[in-house]
Amino acid sequence: MNIGFYLCGVLVIPFAIIGVLFAIFKEKSAKFVSGFNSFSKEEQALYDKARISRDIRNQCFTWTAIMLTGALFSYFLSPYMAIPAFVIWLVLFFKEVHFDNRKAFEKYLLK
């Protein structure tokens with residue numbers, strides 16, 4: 001049983017689905033972004049929702065590619081190839097984590 005393949009493979013599906021949903025619904029899907037949905041409607045109007053959705057879509061597709069690569073490498077090379085995939089994903093994930101909503105979305109403010 002190749003647990004590395006299954007661990008990476010399981011995450012490919014939700015990341016791909018979320019990426020596709022953000023691609024389809026574009027700026028309407030910005031309200032599902034954690035932190036952004038806590039802003040009032042007036043505050044949300046100050047931000048570029050299309051760019052927020054595009055960035056989340058790109059993040060999810062990047063994570064999909066990382067996990068798919070990890071799954072394929074785990075299947076064909078070694079089950080331990082899932083470890084670098086998870087490490088890369090964790091670095092990218094925590095790079096985008098912010099504890100202050102204003103700081104997290106300041107790059108999306110409309111000029």
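The values are calculated or read from the model by the stated rules, or taken from the named source; none is laboratory data. Here the structure is a predicted model, which is why all the values come from computation and not from measurement. Backbone-built Cβ (ideal geometry, glycine too); neighbour counts: all protein chains shown.
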Practice problem: For the stretch 13-25, indicate whether the set of residues that are more than 14 Å from the chain's Cα centre (by Cα) and touching a residue at least 24 places away in the same chain (Cβ under 8 Å) is non-empty. | Solution: yes
Exercise. Scan the stretch 91-109 and report the pairs whose first residue is in contact (Cβ under 8 Å) with a residue 12 or more places away in the chain and whose second residue is of a type in the set (Phe, Trp, Tyr) and part of a helix (DSSP H, G or I), with Cβ atoms within less than 9 Å and a gap of 6+ or a chain change.
Key: Leu92/Trp63; Phe93/Trp63; His98/Phe105; Asn101/Phe36; Ala104/Phe36; Phe105/Phe36; Tyr108/Phe36
Quiz item: Tell me, which residue of the stretch 37-53 that is free of Cβ contacts under 8 Å to residues at least 12 places away in the same chain and over 19 Å from Val97 (Cβ atoms) is surrounded by the most Cβ atoms within 10 Å (Cβ to Cβ)?
Solution: Glu43
Quiz item: Can you tell me which of Phe5, Phe86, Phe61, Phe73 is modelled with pLDDT of 95 or more, part of a helix (DSSP H, G or I) and more than 18 Å from the chain's Cα centre (by Cα)?
Solution: Phe73
Quiz item: Does Lys111 qualify as being more than 30 Å from Met1 (Cβ to Cβ), more than 15 Å from the chain's Cα centre (by Cα), not in a helix (DSSP H, G or I) and not aromatic (Phe, Trp, Tyr)?
Solution: yes
Quiz item: Of the residues that make up the stretch 38-47, is at least one in contact with a helix residue (DSSP H, G or I) (Cβ under 6 Å, 6 or more places away or on another chain), within 29 Å of Lys111 (Cβ to Cβ) and assigned to a loop (DSSP other than H, G, I, E, B)?
Solution: no
